[in-house]
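Let me begin by presenting the structure, written as structure tokens, before commenting on it.
The values are calculated or read from the model by the stated rules, or taken from the named source; none is laboratory data. Computed from a prediction, not measured in an experiment: that's the story for all the values here. Counting neighbours? That spans all protein chains shown, and the Cβs are built from the backbone with ideal geometry, glycine included. Protein only, heavy atoms only, side chains kept; ligands, DNA and RNA dropped before computing areas. Shrake-Rupley method; radii C 1.70, N 1.55, O 1.52, S 1.80 Å.
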Amino acid sequence: MGTDVVIVKKGHRICGTGGAITTTPIVQNKAYFEVKVQQTGIWGIGLATSNANLSSVPLGIDSQSWVLRQDGNIIHENQIVHTLSEELQESDVVGVTFDHIELKFFVNNKAIDLAV
């Protein structure tokens with residue numbers, strides 16, 4: 001967890017500056033998680049290795065993380081790899097799937113046409 005991050009609501013909400021990564025590695029064949037955007041602001045949702053610098057904001061600037069940011073850009077190694085066609089809003093649900101080969105992002109159950 002980043003140095004300025006707070007986990008609240010019994011582990012269901014992240015607040016502050018920085019990032020948090022689960023303590024459970026993805027070891028099964030496929031993984032899926034989703035996040036509901038509850039407030040506008042600066043945020044990012046994605047996948048990272050345990051080597052990612054979670055105190056460095058914004059995330060996605062290194063080779064260890066792939067992040068969909070509040071501006072609709074998916075960032076990896078500080079490069080925009082995709083830009084959403086529609087602006088993200090409060091109450092949107094962002095989903096992420098990973099099967100150890102392909103990473104996919106979803107917004108409100110609609111797949112983003114991107115394979116990372």
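Tell me the accessible surface of Lys30 in square angstrom (1.4 angstrom probe, heavy atoms of protein chains only), to the nearest ten.
Roll a 1.4 Å probe over it and Lys30 shows about 150 Å².
With every protein chain kept in place and ligands, DNA and RNA left out, what is the accessible area per residue of region 44-89? Probe 1.4 Å, answer in Å².
Counting only protein heavy atoms, the per-residue value for region 44-89 is 54 Å².
Can you work out the FRET efficiency for the pair Val27 and Asn78, with r the C-beta to C-beta distance and R0 = 30 Å, to the nearest 0.05?
So the FRET efficiency works out to roughly 0.55.
With a point put 7 Å past each Cα toward its Cβ, work out how far Val35 is from Asp92 in nm, to one decimal.
1.3 nm
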